[in-house]
Structure formats: C-alpha cells, structure tokens
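A short write-up of the structure that comes next.
The values are calculated or read from the model by the stated rules, or taken from the named source; none is laboratory data. What you are looking at is a predicted structure, and each value in this text was computed from that prediction instead of being measured. We place every Cβ from the backbone using ideal geometry, glycine too, and count neighbours over all the protein chains shown. Accessible surface areas use protein heavy atoms only, side chains included; no ligands, DNA or RNA. Shrake-Rupley method; radii C 1.70, N 1.55, O 1.52, S 1.80 Å.
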Amino acid sequence: MVPSAGVLAETDAGHLGQALPIAGLAGDQQSALFGQGCVLPGESKNTYGTGAFLLVHAGDERPLPPEGVLATAACGSHGEPAYALEGSIFIAGAAVQWLRDGLGLIGTAAETEALARSVPDTGGVHFVPAFVGLGTPHWEPEARGTITGITRGTTRAHLARAALEAMAFATAELLVTMTGGAQLAVPALRVDGGAAANDWLMQFQADVLGVPVERPDMIETTALGAAGLAGLALGVWRSTDEFLACRRITRFEPRLEPAERARRLAAWERAVGAALAWARSASRAGEG
C-alpha cells in the first residue's frame, strides 16, 4: 500500500501541452470517504446511488471484519495508508427508478418525498428490492424482489414510502453488522449521492439508525475527495481540516424512541427473511 496523497506520476506532456502531476490515488468509495472527512475509526459515510455503499473507517491496522463484511483499503488525514470496512446494498435508488420506469407509479424520483409524507406509514407494506440478489451481509444471489403486507388499501404512496424506507432499513442493518463485530462506535453517518437530497429519507435514516445523519451541501463527494487528496499532495491545502473548512452540513437528529426503532427494524428483518426463505427454498427444490 502506498499513500493516497502524493505525486505518483506525471501525464504525457504531448497530449495536454504540459506534464501534469498525478497526485491522488483512491477508488470511488474510498475517495467519497475522504471527501466526507472520514479519517478516524468509526467515522462513516453512505453513498445512495443506484445501489448504496457504506464504508466505516477502521484505523491504520487491518481489521478482522464481521462475517459477510469486507475489509478494504482507505487513508488517514494526510493520505497515509489505512483501512475501512465496506458493505454493499445492490439496489437502492434503482428501486425508485423501477417505480417510475417499470410500473409508471411516479413521474420523477423527486415525487417520492411528497408521497412518503402523504401517509403516516406504509400500511404494513415492506419492500425488499432484491432485484439482483442481496448483498452485504447476506450474499444471497438467488434472492429476488419481495413486497410483503399488501392489502386492498395499499396505494402508490405506500409503495413509494416503502421503497424509501428500504434504503434506510438496509443501511441500518448493514451498519449494525459492520460495527458490532468490529466494536466501532459511529458518532454520525455522513451521506451523499442522489437520494441523499431527499429530506424525508434522511430524517427516516437518522430515526432508524439512532444516530445523526449529516449531509454536506456538496453531495458529489467522490470527486471532492479525489481533488482533496491531490490538493494536499501539492500544497493547495495545508491540512485536511483546511480542505474541509468550507463544507456546510445539514444535520438530521434521530427522533424515534428506542422501542419503536427496534420494532420497525424487526419488521424489516422479517421481510428480508421472507426474501431469503423464497430464494433458499427454490434452491432446494432445484437440487431435488
């Protein structure tokens, strides 16, 4: 492993007119982790895109990840080698895209926020959008999308809210799995990606996590992190604190009582269990 901030090479002068230093080295999720200022153990970020990708900084010693969780490279405050725990939710924003493009229930993804606010809850509906299987921590490739609790009273608002809730529940399940075994305390979850712009979702995420959610004004933190690493190497910024000083944060505080949080998470786990049972019973039938 080499530092993520430092002059590693130069571009070919013939193509750009002059040689330019290549001074930052990071994968997209690791770059977003740094762009969110997550450089100490327990500091965490989640990127909500087509899927969702959660990284928890684990410090400068290689961690022993809990079962079903991956360990990955990261960096510290000066770009020095470090480690993180990583988890993947295969389908996040893609579930909302399916409501729009597959079912025609909404015209734009932004409509889901107003629909979610229009009903007090999902009416007992849970949506496990395992369109391409389940990722961390289950790693079940045969799982498929499952909607439980549908009644004659179910409306598109309930389905839209259930799709948003699924992102938050899956993230909460993932964070508990990742931090429990590694004994890492998470002070707040920092968020980015397209779905992070949804205020209702971010508040619900804080509620089911039981820790604050912090969203920067600049949610394209993958690009920001890459720029920050290169800028530190070349002296544009003298420290990570200086690099992050211009960030403005919107903070969502948890409001659910612990007992209600536990009840809702248990219902989500039941729905995931249904998706897993369907996949595994189909596999057994095929073997027979």
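Would you call Leu20 out of contact with any Gly (no Cβ under 6 Å at 6 or more places or on another chain), open to solvent by less than 10 Å² (accessible area, probe 1.4 Å) and closer than 22 Å to Ala223 by Cα?
So Leu20 fails the test.
Being assigned to a helix (DSSP H, G or I) and modelled with pLDDT of 90 or more is the filter here, so list the residues in segment 1-39 that pass it.
Within segment 1-39, Asp28, Gln29, Gln30, Ser31, Ala32, Leu33, Phe34, Gly35 qualify.
Tell me whether segment 148-165 contains one or more residues that are open to solvent by 30 Å² or more (accessible area, probe 1.4 Å), among the aliphatic types (A, V, I, L, M), touching a strand residue (DSSP E or B) at 6+ places or on another chain (Cβ under 8 Å) and free of Cβ contacts under 8 Å to residues at least 24 places away in the same chain.
no
Tell me yes or no: at least one residue of segment 44-52 is modelled with pLDDT of 95 or more and among the hydrophobic types (A, V, I, L, M, F, W, C).
yes
Listed here are the residues, each with its yes/no results for (1) over 13 Å from Phe34 (Cβ atoms); (2) open to solvent by 30 Å² or more (accessible area, probe 1.4 Å); (3) out of contact with any Phe, Trp or Tyr (no Cβ under 9 Å at 6 or more places or on another chain).
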{"position": "Ala188", "(1), (2), (3)": "yes, no, yes"}
{"position": "Gly194", "(1), (2), (3)": "yes, yes, no"}
{"position": "Asn198", "(1), (2), (3)": "yes, no, no"}
{"position": "Val208", "(1), (2), (3)": "yes, no, no"}
{"position": "Asp217", "(1), (2), (3)": "yes, yes, yes"}
{"position": "Gly231", "(1), (2), (3)": "no, no, no"}
{"position": "Phe243", "(1), (2), (3)": "no, no, no"}
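Pick out the one residue from Ala130, Ala168 that is among the small types (Gly, Ala, Ser), under 18 Å from Thr50 (Cα atoms), open to solvent by less than 50 Å² (accessible area, probe 1.4 Å) and out of contact with any Phe, Trp or Tyr (no Cβ under 6 Å at 6 or more places or on another chain).
Ala130
Scan Glu67, Glu80, Glu43, Glu86 and give me the residue that is more than 29 Å from Gly235 (Cβ to Cβ), open to solvent by 10 Å² or more (accessible area, probe 1.4 Å), among the acidic types (Asp, Glu) and more than 12 Å from the chain's Cα centre (by Cα).
Of Glu67, Glu80, Glu43, Glu86, the one residue that is more than 29 Å from Gly235 (Cβ to Cβ), open to solvent by 10 Å² or more (accessible area, probe 1.4 Å), among the acidic types (Asp, Glu) and more than 12 Å from the chain's Cα centre (by Cα) is Glu67.
In segment 195-217, what residues are under 30 Å from Leu20 (Cβ atoms) and under 16 Å from the mean Cα position of the chain (by Cα)?
Scanning segment 195-217 gives a single hit, Pro216.
Return the only residue of Ala74, Ala19, Ala52 being under 22 Å from Met1 (Cα atoms) and either in contact with a Pro (Cβ under 9 Å, 6 or more places away or on another chain) or not basic (Lys, Arg) (or both).
Within the list Ala74, Ala19, Ala52, the selection yields Ala74.
Just to be sure, is Gly107 open to solvent by 40 Å² or more (accessible area, probe 1.4 Å) and out of contact with any Ser or Thr (no Cβ under 7 Å at 6 or more places or on another chain)?
yes
Among (1) open to solvent by 40 Å² or more (accessible area, probe 1.4 Å); (2) within 18 Å of Gln183 (Cβ to Cβ); (3) in a loop (DSSP other than H, G, I, E, B); (4) touching a strand residue (DSSP E or B) at 6+ places or on another chain (Cβ under 6 Å), which single condition is Glu61 missing?
(4)
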